[in-house]
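Following: one structure in structure tokens, then a few remarks.
The values are calculated or read from the model by the stated rules, or taken from the named source; none is laboratory data. As the structure is a computational prediction, the values presented were derived from the model and not from experiment. Counting neighbours? That spans all protein chains shown, and the Cβs are built from the backbone with ideal geometry, glycine included.
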């Protein structure tokens, strides 16, 4: 079966960088590692080749056009035309946008939606609140250590109207092997005081006690909490981002939906957690774009070995470049089509079941968990 044109709900992405992008910036944004090593290019990677194969025709070039031709065409068309073409070609029906990273450089969610839809019919966008961004702001502003719990609760309440979910980058900041207990006020005050030293201000809070408080406060808010798992940029320590480290915390937190994002190389671990914890969901977004269409089906199949079909979602984790929204959507459709077709061909699943699973993964599960209703 093929899912070309199947509507997708992108349950985790970021915004687009404003304005025209230089060739070097485009190249750097193709990698989680940023700029390529001297004498090399990020176009010489699976995702770089995928851009030349799948994005070039959308910009009016032949498939596999050389990178230099692609970049020249991109500059010729201009940012707005390029973005509109690629976003609309992705067939994304809604975007859930993490607004907590480099927000000052990115389009607002509503601007993203306007570019993704035809004139006068923007694609719906919904914000996701990043917990660490709120905490960073409080500590940077000099919140009194003993007042952090109350101040954070107020900041979170102020950020919630209109939001459909929360996001934590605990895997980046402190790792996922957290004490499951909610910290006492005294423990929390001591941790915040430590975060303020030595200069009296801190722009990036990285303390496990504070992270625990953020997750507990987020769970009490009642919205789904997205957690970065596995693959990411050079700030993540991969061995500390294994989702099975969350097991004790899952047992302790109020049972809100926990959304495991990306997951490579722990996609099987994530599928196991989704199988045994009712509140756990997963995607392999970002991962599929970087391993490329040929390998994507195998990675997705591994995630689906144990995970209930009502727990699988789609995300692109696109940041900065419109190409990443298109590649995320295309690769997910191809990978899911391949997995489902193989099961149907083997006689293991019926065609009707395959179509139902596809609808759940493409948009149905996300609409239910984030309480979005039908479009």
Query raised in the report: When you look at residue 281, is it more than 25 Å from residue 183 (Cα to Cα) and part of a helix (DSSP H, G or I), yes or no?
Result: no
Requested in this report: Scan the stretch 177-194 and give yes if some residue there is touching a residue at least 40 places away in the same chain (Cβ under 8 Å) and in contact with a strand residue (DSSP E or B) (Cβ under 9 Å, 6 or more places away or on another chain), otherwise no.
Outcome: no
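Return yes or no: is residue 262 in contact with a helix residue (DSSP H, G or I) (Cβ under 9 Å, 6 or more places away or on another chain), assigned by TED's automatic domain parsing to the domain that holds residue 365, without any contact (Cβ under 8 Å) to a residue 60 or more places away in the chain and buried (at least 21 other Cβ atoms within 10 Å of the Cβ)? Talk me through it step by step, then tell me what you get.
Details: in contact with a helix residue (DSSP H, G or I) (Cβ under 9 Å, 6 or more places away or on another chain): yes; assigned by TED's automatic domain parsing to the domain that holds residue 365: yes; without any contact (Cβ under 8 Å) to a residue 60 or more places away in the chain: yes; buried (at least 21 other Cβ atoms within 10 Å of the Cβ): yes.
For residue 262, the condition - in contact with a helix residue (DSSP H, G or I) (Cβ under 9 Å, 6 or more places away or on another chain), assigned by TED's automatic domain parsing to the domain that holds residue 365, without any contact (Cβ under 8 Å) to a residue 60 or more places away in the chain and buried (at least 21 other Cβ atoms within 10 Å of the Cβ) - is met.
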Query raised in the report: Which of the residues that make up the stretch 146-167 are in a loop (DSSP other than H, G, I, E, B) and in contact with a strand residue (DSSP E or B) (Cβ under 9 Å, 6 or more places away or on another chain)?
Result: 160, 162, 163, 164
Query raised in the report: Looking at 255, 243, 198, 208, which one is in the same structural domain as residue 97 (by TED's automatic domain parsing) and modelled with pLDDT under 90?
Result: 198
Report summary line: Residue pairs within 6 Å by beta carbon, gap of at least six or interchain, first lying in the stretch 358-375 and on the phi < 0 side of the Ramachandran plot, second at pLDDT below 95 and surrounded by 20 or more Cβ atoms within 10 Å (Cβ to Cβ), listed first then second, are 358/3; 362/6
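Can you tell me which residue in the stretch 314-327 is farthest from residue 286 (Cα to Cα), limited to those that are in contact with a strand residue (DSSP E or B) (Cβ under 7 Å, 6 or more places away or on another chain) and crowded, with 24+ Cβ neighbours inside 10 Å?
My answer is 322.
Within the stretch 303-312, is there a residue that is farther than 23 Å from residue 227 by Cα, crowded, with 21+ Cβ neighbours inside 10 Å, assigned by TED's automatic domain parsing to the domain that holds residue 286 and in contact (Cβ under 8 Å) with a residue 40 or more places away in the chain? Steps first, please.
Taking the stretch 303-312 first, the residues farther than 23 Å from residue 227 by Cα are none.
Taking every residue of the stretch 303-312 in turn, none turns out to be farther than 23 Å from residue 227 by Cα, crowded, with 21+ Cβ neighbours inside 10 Å, assigned by TED's automatic domain parsing to the domain that holds residue 286 and in contact (Cβ under 8 Å) with a residue 40 or more places away in the chain.
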Report summary line: When the stretch 270-302 is checked residue by residue, the ones that are under 20 Å from residue 250 (Cα atoms) and surrounded by fewer than 22 Cβ atoms within 10 Å (Cβ to Cβ) are 272, 275, 276, 277, 278, 279
Query - Sole residue being out of contact with any helix residue (DSSP H, G or I) (no Cβ under 7 Å at 6 or more places or on another chain) and closer than 29 Å to residue 367 by Cα, chosen from 32, 76 - result: 32
Query raised in the report: Which of the residues that make up the stretch 224-237 are surrounded by fewer than 20 Cβ atoms within 10 Å (Cβ to Cβ) and either within 17 Å of residue 303 (Cβ to Cβ) or touching a strand residue (DSSP E or B) at 6+ places or on another chain (Cβ under 7 Å) (or both)?
Result: none
Query raised in the report: Given the conditions (1) closer than 15 Å to residue 333 by Cβ; (2) in a helix (DSSP H, G or I), and given that residue 302 satisfies all but one, which numbered condition is not satisfied?
Result: (1)
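Mind counting the residues in the stretch 121-145 that are assigned to a helix (DSSP H, G or I) and either at pLDDT 95 or above or within 23 Å of the chain's Cα centre (by Cα) (or both)? Quick ask: steps written out before the conclusion?
Pass one, the stretch 121-145, residues assigned to a helix (DSSP H, G or I): 131-140, 145.
Next, only the ones that are either at pLDDT 95 or above or within 23 Å of the chain's Cα centre (by Cα) (or both) stay: 131-137.
Count: 7.
From 54, 14, grab the single residue that is assigned by TED's automatic domain parsing to the domain that holds residue 330 and closer than 17 Å to residue 318 by Cβ.
On the way: 54 fails: assigned by TED's automatic domain parsing to the domain that holds residue 330.
Answer to the selection: 14.
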Query raised in the report: Using beta carbons and a limit of 7 Å, which pairs, at least six apart or on different chains, have the first residue in the stretch 272-295 and outside the structural domain of residue 325 (by TED's automatic domain parsing) and farther than 14 Å from residue 318 by Cβ and the second one modelled with pLDDT under 95 and buried (at least 24 other Cβ atoms within 10 Å of the Cβ)?
Result: none
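I'm trying to understand the selection: among the residues of the stretch 347-375, which are in a helix (DSSP H, G or I) and farther than 19 Å from residue 96 by Cα? Even if it seems obvious, please write down each step before you answer.
Kept after step one, since they are in a helix (DSSP H, G or I), are these residues of the stretch 347-375: 351-369.
The answer is 351, 352, 353, 354, 355, 356, 357, 358.
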Report summary line: Only unsatisfied item for residue 344, checking (1) touching a helix residue (DSSP H, G or I) at 6+ places or on another chain (Cβ under 8 Å); (2) surrounded by fewer than 24 Cβ atoms within 10 Å (Cβ to Cβ); (3) not in a helix (DSSP H, G or I), is (3)
